[in-house]
Amino acid sequence: MTTNKAPITMLDGGMGQELQKRSEQPASPLWSAQVMLDEPNLVVDAHRDFIDAGARVITLNTYSATPTRLARDGQPDWFEPLHKAALDAARKACSESGQDVRVAGCLPPLVASYRPEVAHDEATCLKEYRQMVEAQKAGGVDLFLCETMSIAHEAHAATVAAVESGLPVWTAFTVDDADGTKLRSGEPLAESARAVVDAGASAVLVNCAVPEALTTAMDVLRELGVPFGGYANAFTSVAALEPGGTVDVLEARKDLGPDAYAEQVLNWVEKGATIVGGCCEVGPAHIKALAERLTGEGYPLVSNG
C-alpha cells in the first residue's frame, strides 16, 4: 500500500548528555569536547548507537569547541585537534554502520547556551563562525546545523557563515519554555526565522526547549514555506546553567521516556514537520522508539531533508 505521508529525516539525540552518562570523567565546562580529548571511543560508540536507533543525520561533536569557549574553559590551540577528532569519530561511526548517514557540521552559541545576554556582537559572531565553518567544511561535513540559537543576530551570523560554504544550512532556535512563539531573548520566532531563511537557510528548526514549547513553535514555522522541524530536550528547566557551568546542575524530566517523547514528536510531524530528533537527555532509546512510531504511522524515513 502506498502512502502520501511526507518523508521524515531523523536526527540523532543529545550527544553531550549521552557522553556524560557514559564517561567516568567528572562534568566539565567544555561538555562533550572534553570527552573528545580523553575518551574519543565513547563518541564513536554514541554516534553508532544513534545511527543504529534510526538517525540518518548525526551532528558533529563540537558543540563546546568554539573559539570563545576554548579560550575561557580550555586552550585556544585545542581548536584544530578537537575538530579533527570529532570529524574522525563521526566518519568512523558512519562507515561502521553501513547506513546512508550524513554528518551535520555544528555551529552552536559561541559563549553559552540559553543566555542571549552574553552573546557577542554580530561581527564577532560572524568571524568565529567562519573559522568553525572552514574547519568543518574542510573535514567533509555534508551540511551545517546552526543550533540552540537564543538571539536573532547570532542565528543570522551563523547562517550567513554557513551559507558561504555552499552546503545546505539548517538553522535551529531555542525558544522560551513557556512561550514557543518567542526566542529565549524575547524576540519573535517568526521574524527571526524569516531572517535566516532570507539569509539562505534551507530549513528552520527549534531545539533544546521542552517539547510542549516546540509544539507551539511548529505553528509558526509552518508559515515559512521551507522544510521545518525540531528536537527537544528533556530537562525540567535550564535556568540553573550559568555560562562556563557544568550540565550536572540540570535535572531530567521523569515523564519523557521514549514512548512519551515519540508521542510529543508525532504532534510536530502531524503539523508538517519533516526533520525531527532529540536534544539533551534524549538518548538512543528515544530515537529508536520515535523511528518505530513514525514508520508504524506510515511515514517513510530518509536521509535527505
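Where only DSSP H runs of four or more residues are counted, the chain gives -13500 deg cm²/dmol as its mean residue ellipticity at 222 nm, each run worth -39500 (n - 2.57). Straight-line cross-link partners of K21 among the lysines, defined as a Cα under 17 Å from its Cα and at least 8 positions apart when in the same chain: K254. The charge dipole of the range 151-191, taken about its Cα centre with unit charges on the Cβ of Lys, Arg, Asp and Glu (plus for the first two, minus for the last two), comes to roughly 80 debye. In order along the range 150-162, the phi-based Karplus estimate (6.51 cos²θ - 1.76 cosθ + 1.60, θ = phi - 60°) of 3J(HN,Hα) comes to 9, 9, 4, 5, 5, 4, 5, 4, 4, 5, 4, 4, 5 Hz; Gly and Pro are listed as x.
Tell me, what is the percent relative contact order of the chain, built from C-alpha pairs under 8 Å that lie six or more residues apart? Worked out over the chain, it gives 23 percent. Per residue, the accessible area of the chain comes to 37 Å² when a 1.4 Å probe rolls over the protein heavy atoms. From largest to smallest, the equivalent ellipsoid semi-axes obtained for the range 90-153 from the alpha-carbon gyration tensor read 28, 13, 8 Å. Surface composition of the chain: carbon plus sulfur atoms contribute 49% of the solvent-accessible area (1.4 Å probe, protein chains only, all chains present). Prolate is the label for the range 51-91, because a/c, from the alpha-carbon gyration tensor with a ≥ b ≥ c as root eigenvalues, is 1.5 or above and a/b exceeds b/c. Here the translational diffusion coefficient of the chain follows from Stokes-Einstein with Rh set to the Kirkwood radius across Cα pairs; for 10 °C and 1.306 mPa s it amounts to 85 µm²/s.
Model label points for V118 and K21, set 7 angstrom from Cα along the Cα-to-Cβ axis, are 2.6 nm apart. Placing unit charges on each Cβ (+1 for Lys and Arg, -1 for Asp and Glu) gives the chain a dipole about its Cα centre, and among G278, Q264, V197 the Cα reaching farthest toward its positive end belongs to V197. Divided by 2.2 N^0.38 Å, where N counts the residues, the Cα radius of gyration of the range 39-173 comes to 1.01. Annotation: lysines with alpha-carbon distance below 21 angstrom to K137 (same-chain offsets under eight excluded): K84, K92, K127. About its Cα centre, the range 1-107 has a charge dipole of approximately 380 debye under the convention of +1 per Lys or Arg Cβ and -1 per Asp or Glu Cβ, with nothing else charged.
The values are calculated or read from the model by the stated rules, or taken from the named source; none is laboratory data. Since the model is a prediction, treat every value here as computed from it, not as a measurement. As a convention, Cβ positions derive from the backbone with ideal geometry for all residues, glycine included, and neighbour counts pool all protein chains shown. Just so you know, the surface numbers come from the protein's heavy atoms only, side chains and all, with ligands and any DNA or RNA stripped out. Shrake-Rupley method; radii C 1.70, N 1.55, O 1.52, S 1.80 Å.
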